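The values are calculated or read from the model by the stated rules, or taken from the named source; none is laboratory data. Keep in mind it's a predicted model, so treat the numbers as computed, not measured. Heads up, the Cβs are rebuilt from the backbone with ideal geometry, glycines too, and the neighbour counts pull from every protein chain shown. Note: accessible area is taken over every heavy atom of the protein model, side chains too, but ligands, DNA and RNA are not part of it. Shrake-Rupley method; radii C 1.70, N 1.55, O 1.52, S 1.80 Å.
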Amino acid sequence: MAHCVPLAARPRRLRSATTEPRVVKGVLIALCLAVLSVLLFAPLIAVFDEALRRGWAFALASLGEPDAQAAIRLTLSVAALVVPLNAAFGIAAAWAITKFDWRGKAWVITLIDLPFSISPVVAGLLFVLMFGANSAFGAWLVASGFPIVFAVPGIVLATLFITFPFIARELIPVMLEQGRAEEEAALTLGASGSRVFLTVTLPNIRWALLYGVLLCNARAMGEFGAVAVVSGKIRGQTTTMPLMIEMFYNEYLSVAAFTMASVLALLAFVTLVLKSALEWRHADQLAATHRH
Amino acid sequence: MNIEIEEICKDFGTTAALQPVSLSIPAGSLVALLGPSGSGKTTLLRILGGLEFPSAGRVLFDGADATGLTVQERRAGFVFQSYALFRHMSVFDNIAYGLRARPRKTRPAAAEIARRVTRLLDLIKLPDIGGRYPSQLSGGQRQRVALARALAIEPRMLLLDEPFGALDAKVRKELRQGLRDIHDTTGLTTIFVTHDQDEAMELADLIVVMSMGRIEQIGRPAEIRARPASDFVRQFLDL
């Protein structure tokens, strides 16, 4: 058409409205990588480097110590106990909040976030106050041979408390977005409540649940503050991996400390790889459930 | 199955969604609940399906009191406004869901389920989509799959909440005829909710005009057009 300016005469190359110029793109990516390297990669490499300063054999030998072995065992068993429990609590809480309307719901949502806003040390102290030998209940527990504070049950309780929001927080937005229609449809088709949960609700939230479980697991293994207060730090009995790392470090056993730290970092790394692998394997399914 | 609604009312907290309403629906009819949003038509439909319970009043199915029946016991084929297809299941599994959910004693064998699903896919004129997922279907196809899924349980009645609401005008016209055909072949008492007077006038045997939780008028399309019972009906139907 006559009044249309031909392409060649236009002053600049055309670019879609949401695309940045190449320079801006480059600078942003570089900045992002720089921050990541300084804050994440470099420290991680430093940890491994420090662990292997005196060779593999020395590092591995430090892990063979009975105290170190006990710490690894304790951390893994606490996580193995806490994660399923919090998965159950998280699903129950998210279900109650998103599928029903009741008085006090907003208050409960705030309560779920409490562990995020309270300092872990304070949380630990709360458990010491409630179950410690100075309280009547705590004294009775100690007398009947089932102490909670300065023993494994206290560590489990503190970890449960700290990691409670992870799964519920991950599930609530997903379940809110999905609404109740699919569950209602299943009910009208004659399915029982438990069948609806297993065949409709659970498959719909499985990815969010998986992310929540991974996050919860990472934090359960890594929690320091609250556990430090309730554990009493008895070597070989109530010392988890993060506590063990601090003890080694304070005793100038830096290879032992950093080797243990590497193991903890590797455990976290494994969960990340696991998550990526699952995402990659079920990419088409993920896309199908997200659209619609 | 004929449906008798006796003085049903429903409160949500302090707001009344339904004033006491009474309505008699003859077996095999195709009924439209017509009204603007907030008129209580969806609430009435959900009460019939057992998804809500009335604050007072009774519902009778074929003369027997059905007020206390659970949603599973009602055996109402329910088509939801946004279809509510199970997004993680194929079309085949969606339609088979209700049959598989039956207790072992009354559950058909896998081959029989497959046969019925195939027949339903033929009925909705989409014979080849069993393996697809809901996200791969168009709006009109989803609506028909939702209809097939509701029909699979051999329902005693068919309840549809704004079945054509989310579709464009052309598909809407086609599917109207589709619903009429399915109603005529199955002979099921069918109740659908709509805010579109053309849809109600064209499709329904009986129209129930609702406003503010009250029934304004019940009648055949021609009767309502000839003698609107109130100013509201006249205005809403543009008469």
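Give the residues of segment A:135-172 that are among the small types (Gly, Ala, Ser), out of contact with any Phe, Trp or Tyr (no Cβ under 6 Å at 6 or more places or on another chain) and surrounded by fewer than 23 Cβ atoms within 10 Å (Cβ to Cβ), sorted by residue number.
Result: A:Ser135, A:Ala136, A:Ala139, A:Ala143, A:Ser144, A:Gly145, A:Ala151.
Results for (1) hydrophobic (A, V, I, L, M, F, W, C); (2) under 26 Å from A:Val47 (Cβ atoms); (3) not assigned by TED's automatic domain parsing to the domain that holds A:Leu76, shown as yes or no for each residue.
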site	(1), (2), (3)
A:Leu189	yes, no, no
A:Thr199	no, no, no
A:Trp207	yes, no, no
A:Val213	yes, yes, no
A:Gly232	no, no, no
A:Gly236	no, yes, no
A:Leu243	yes, yes, no
A:Val263	yes, yes, no
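From the list A:Val27, A:Val38, which residue is open to solvent by 60 Å² or more (accessible area, probe 1.4 Å), farther than 30 Å from A:Gly222 by Cα and either touching an Asp or Glu at 6+ places or on another chain (Cβ under 7 Å) or modelled with pLDDT of 90 or more (or both)?
Being open to solvent by 60 Å² or more (accessible area, probe 1.4 Å), farther than 30 Å from A:Gly222 by Cα and either touching an Asp or Glu at 6+ places or on another chain (Cβ under 7 Å) or modelled with pLDDT of 90 or more (or both) holds for just one of A:Val27, A:Val38, which is A:Val27.
Among the residues in segment A:34-57, are any under 27 Å from A:Leu209 (Cβ atoms) and in a helix (DSSP H, G or I)?
yes
Starting from residues that are assigned to a loop (DSSP other than H, G, I, E, B) and at pLDDT 80 or above, keep the ones in segment A:252-292 and report whichever is nearest to the other protein chains (Cβ to nearest Cβ).
Selected residue: A:Leu253.
Among the numbered conditions (1) in contact (Cβ under 8 Å) with a residue 12 or more places away in the chain; (2) within 14 Å of chain B (Cβ to nearest Cβ), tell me where A:Ala151 comes up short.
(2)
Only one of (1) surrounded by fewer than 18 Cβ atoms within 10 Å (Cβ to Cβ); (2) of a type outside the set (Asp, Glu); (3) assigned to a helix (DSSP H, G or I); (4) touching a strand residue (DSSP E or B) at 6+ places or on another chain (Cβ under 6 Å) fails for B:Gln81. Which number is that?
Every condition holds for B:Gln81 apart from (3).
For the structure I just gave you, tell me whether A:Ile112 is under 25 Å from A:Gln178 (Cα atoms), in the same structural domain as A:Ile234 (by TED's automatic domain parsing) and touching a helix residue (DSSP H, G or I) at 6+ places or on another chain (Cβ under 8 Å).
Taking the combined requirement at face value, the residue satisfies it.
Kindly provide the set of residues from segment B:213-239 that are more than 30 Å from B:Thr14 (Cα to Cα) and not charged (D, E, K, R), ordered by number.
B:Gly219, B:Pro221, B:Ala222, B:Ile224, B:Ala226, B:Pro228, B:Leu237, B:Leu239
I'm trying to understand the selection: among the residues of segment A:181-209, which are surrounded by fewer than 18 Cβ atoms within 10 Å (Cβ to Cβ) and either of a type in the set (Phe, Trp, Tyr) or more than 9 Å from chain B (Cβ to nearest Cβ) (or both)?
Of everything in segment A:181-209, those that are surrounded by fewer than 18 Cβ atoms within 10 Å (Cβ to Cβ) and either of a type in the set (Phe, Trp, Tyr) or more than 9 Å from chain B (Cβ to nearest Cβ) (or both) turn out to be A:Gly193, A:Ser194, A:Phe197, A:Leu198, A:Leu202.
Of all residues in segment B:1-31, which are in a strand (DSSP E or B) and open to solvent by less than 30 Å² (accessible area, probe 1.4 Å)?
Scanning segment B:1-31 gives B:Ile3, B:Ile5, B:Ile8, B:Cys9, B:Lys10, B:Ala17, B:Leu18, B:Val21, B:Leu23, B:Ile25, B:Leu30, B:Val31.
For A:Leu202, are the conditions met, namely being within 28 Å of A:Thr238 (Cα to Cα) and not basic (Lys, Arg)?
Answer is no for this residue.
Find all pairs meeting these conditions: Cβ atoms under 7 angstrom apart; at least six residues apart or on different chains; first residue within segment B:78-95 and more than 9 Å from every other protein chain (Cβ to nearest Cβ); second residue outside any helix (DSSP H, G or I) and surrounded by fewer than 21 Cβ atoms within 10 Å (Cβ to Cβ).
Filtered contacts from segment B:78-95: B:Ser90/B:Gly130; B:Ser90/B:Gly131; B:Ser90/B:Arg132; B:Val91/B:Ile129; B:Val91/B:Gly130; B:Val91/B:Arg132; B:Phe92/B:Gly130; B:Phe92/B:Gly131.
Please state which one of A:Val213, A:Val229 is within 17 Å of the chain's Cα centre (by Cα), modelled with pLDDT under 95, open to solvent by 10 Å² or more (accessible area, probe 1.4 Å) and more than 14 Å from chain B (Cβ to nearest Cβ).
From the options A:Val213, A:Val229, the qualifying one is A:Val213.
Applying the selection to segment B:217-239, what residues are of a type in the set (A, V, I, L, M, F, W, C) and either free of Cβ contacts under 8 Å to residues at least 24 places away in the same chain or not in a loop (DSSP other than H, G, I, E, B) (or both)?
Correct list: B:Ile218, B:Ala222, B:Ile224, B:Ala226, B:Ala229, B:Phe232, B:Val233, B:Phe236, B:Leu239.
For segment A:177-251, list the helices (runs of 4 or more DSSP H) that sit wholly inside it and hold at least 1 residues that are out of contact with any helix residue (DSSP H, G or I) (no Cβ under 8 Å at 6 or more places or on another chain) and not aromatic (Phe, Trp, Tyr); which are they?
Those helices (runs of 4 or more DSSP H) span A:181-188, A:193-196, A:202-222, A:241-250.
Which condition from (1) farther than 21 Å from B:Ser39 by Cβ; (2) open to solvent by 30 Å² or more (accessible area, probe 1.4 Å) is the one that B:Asp231 breaks?
For B:Asp231, the failing item is (1).
Only one of these is closer than 30 Å to A:Ile167 by Cα, of a type in the set (A, V, I, L, M) and either assigned by TED's automatic domain parsing to the domain that holds A:Ile245 or touching a residue at least 60 places away in the same chain (Cβ under 8 Å) (or both): A:Leu44, A:Leu63, A:Leu39. Name it.
A:Leu44
A:Arg103 is checked against (1) outside any helix (DSSP H, G or I); (2) crowded, with 19+ Cβ neighbours inside 10 Å; (3) within 14 Å of chain B (Cβ to nearest Cβ) and fails just one. What number does that condition carry?
(2)
Only residues that are polar (S, T, N, Q) and either assigned to a loop (DSSP other than H, G, I, E, B) or within 10 Å of another protein chain (Cβ to nearest Cβ) (or both): list them for segment B:96-122, please.
B:Thr106
Check segment B:55-72 and report whether any residue there is within 13 Å of another protein chain (Cβ to nearest Cβ) and either crowded, with 17+ Cβ neighbours inside 10 Å or assigned to a helix (DSSP H, G or I) (or both).
Looking through segment B:55-72, at least one residue is within 13 Å of another protein chain (Cβ to nearest Cβ) and either crowded, with 17+ Cβ neighbours inside 10 Å or assigned to a helix (DSSP H, G or I) (or both).
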